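Accompanying notes for the structure given below.
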Amino acid sequence: MYLPPALLAQVKDAVYQERTTYADLLIEAFEAVDDNQIAKEFTPETTLTSSGMPRRAPRKRGEAGIQIQLRLDGLQVAWLDEKVTEFDAPSRSALVSAVFKLHIQAGPTGGE
């Protein structure tokens with residue numbers, strides 16, 4: 001997976017603070033983030049012209065980033081691929097980045 005540098009720094013910090021792994025943090029993030037929030041990340045925003053005709057909305061793309069290794073098993077990768085299709089994400093990396101970003105923006109869960 002590829003994460004933008006600023007997000008990667010936040011993810012690394014969360015992994016360190018929670019004494020967990022990237023994969024476990026991703027599972028936690030998917031549990032904490034609502035599907036509607038994820039869907040909004042990949043829904044193109046259509047703008048109207050003065051005539052009222054909508055402009056073509058550009059499809060959101062993944063950002064260039066730094067590679068991390070998520071240790072996922074085959075079932076987890078298959079599940080992630082289904083989510084990429086469900087949310088029409090451009091890639092696994094784009095989906096993982098969006099979920100990590102939403103989870104980190106939400107702040108600490110107060111677990112333990």
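Worth a mention:
- Karplus-based coupling profile of the stretch 29-37, in residue order and whole Hz: 5, 5, 5, 8, 9, 6, 4, 5, 5, with θ = phi - 60° in 6.51 cos²θ - 1.76 cosθ + 1.60 and x standing for Gly or Pro.
- Here the accessible area of the chain is 50 percent carbon and sulfur, with a 1.4 angstrom probe and all protein chains present.
- Candidate cross-link partners of residue 101 among the aspartates and glutamates, defined by an alpha-carbon separation under 12 Å and a same-chain spacing of 8 or more, comprise 41.
- Rolling a 1.4 Å probe over the heavy atoms of the protein chains gives the stretch 1-49 an accessible area of 64 Å² per residue.
- The value of relative contact order for the chain, using C-alpha pairs under 8 Å at least six residues apart, is 43 percent.
- Applied to the stretch 41-56, the Karplus parametrisation 6.51 cos²θ - 1.76 cosθ + 1.60 on θ = phi - 60° returns per-residue 3J(HN,Hα) values of 5, 10, 8, x, 9, 8, 10, 9, 7, 4, 7, x, 6, x, 7, 5 Hz, with x for Gly and Pro.
- Calculated SAXS-style log₁₀ I(q)/I(0) at q = 0.12, 0.19 Å⁻¹ - the chain, Debye, Cα scatterers: -0.45, -1.00
- Packing order of peptides 88-101, 16-29, 39-52, 70-83, highest average first: 88-101, 16-29, 70-83, 39-52 (average count of other Cβ atoms within 10 Å over each peptide's residues).
- 3J(HN,Hα) along the stretch 101-107: 4, 4, 5, 5, 4, 5, x Hz, from the Karplus curve 6.51 cos²θ - 1.76 cosθ + 1.60 with θ = phi - 60°, whole Hz, x for Gly and Pro.
- In the chain, the longest principal axis of the Cα atoms and the axis of helix 74-87 are about 20 degrees apart.
The values are calculated or read from the model by the stated rules, or taken from the named source; none is laboratory data. Small disclaimer: the values here were computed from a predicted structure and weren't measured. Methodologically, a virtual Cβ is constructed for each residue, glycine included, from the backbone with ideal geometry; neighbour enumeration extends over all protein chains shown. Only protein heavy atoms, including side chains, enter the accessible area calculation; ligands, DNA and RNA are left aside. Shrake-Rupley method; radii C 1.70, N 1.55, O 1.52, S 1.80 Å.
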